[in-house]
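This report concerns only the one structure given below.
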Amino acid sequence: MRSEAATAAQATSAASASSIGATPRRRDTTGTRATRFLGLVVIALMGLLVFLGLVASPQDVNQGDAVRLLYLHVPAAEMTYVAFGVAALCSAAYLWRRTRSMAWDRVANASVEIGVVLCALMLISGSLWGRLTWSQFWTWDARVTSSALLFVMFLGYLAVRTLEGTNEQRARRSAVVCLVAILDVPLVHYSVDWFRTVHQRPTFVVKGSNIEGIFRFTHFVGFTTFLLAYIWLMLHRNRVAMLEEITESTMLEAAIVERQREGASDGGRAVDAGAGAVVGATGVRP
């Protein structure tokens, strides 16, 4: 009995070790040649955006130098929509039985994390712009208030992910919260049309807008920079989540192997103790 249990434990341990050792070391990092190249492109575009926003772009006739904050504020707002929209699509895909997969949950979580950072950047830059334009950092304007509500709702999404439960339970709860929170995005976008607000109406996407070429080009560079940065962060965050799952699975396998070893050792000691008791009682060795 002892030899069979020990043999089984050793075989399981060897199989686990071979499966762990078979993973190439290069998979333990989230970087690849493609992501490194993409990161360099993002850095170069950031430098170009800083040059265009602070040097090449002139002052606005009405806003003066405050217009330079919009090269940060507007792309951050647009990418906030994109990030939360991607998270909502992935959450819907997870809840649908035909496409249910933990991969959708990983992408949704990564996109929300990035989206929350972008939303915070949007609120901060907007507050600074408001101080220069409206003479106050905050006003209970429909656009500003709904944007703050959007930020809080997706913070709630991240809080829900910390609750106890299985991975499937966590993914299901988070997907529902995401689909509820995304309903605030249309309210944020159309609040300047639906309500009386001091926030300016959309200018870059309005037909017949009289924005000069340098302003429009700088905005385009800003949006492209934020978009590529979002893709770069998504790739790395998703790979980090995959490595975390692999680590968790490996630790579980190691715990199972250790428990099997303990069981085999306990069984062997029990057999030895039983044999010793028989020898002591009869004087005959088995």
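The values are calculated or read from the model by the stated rules, or taken from the named source; none is laboratory data. If you're wondering where the values come from, they're calculated on a predicted model, not measured in any experiment. Glycine gets a Cβ as well: all are built from the backbone with ideal geometry, and neighbour counts include every protein chain shown.
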*What are the residues in region 218-248 that are of a type in the set (A, V, I, L, M, F, W, C) and at pLDDT below 90, if any?*
Val240, Ala241, Met242, Leu243, Ile246
_Count of region 91-113 residues which are touching a Lys or Arg at 6+ places or on another chain (Cβ under 9 Å) and without any contact (Cβ under 8 Å) to a residue 40 or more places away in the chain_ = 1
*How about region 54-79: which of its residues are in a loop (DSSP other than H, G, I, E, B), in contact (Cβ under 8 Å) with a residue 60 or more places away in the chain and of a type outside the set (Gly, Ala, Ser)?*
Pro58, Gln63
*Looking at Ser147, Ser101, Ser135, which is the one that is buried (at least 19 other Cβ atoms within 10 Å of the Cβ) and either hydroxyl-bearing (Ser, Thr, Tyr) or farther than 27 Å from Val67 by Cβ (or both)?*
Ser147
*Out of curiosity, is Pro58 crowded, with 16+ Cβ neighbours inside 10 Å and modelled with pLDDT of 80 or more?*
no
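Yes or no: region 133-142 includes at least one residue that is part of a helix (DSSP H, G or I) and of a type in the set (D, E, K, R). Give the derivation first.
Keep residues of region 133-142 that are part of a helix (DSSP H, G or I), which gives 133, 142.
Retained after the next criterion (residues that are of a type in the set (D, E, K, R)): none.
So far as region 133-142 goes, no, none of its residues is part of a helix (DSSP H, G or I) and of a type in the set (D, E, K, R).
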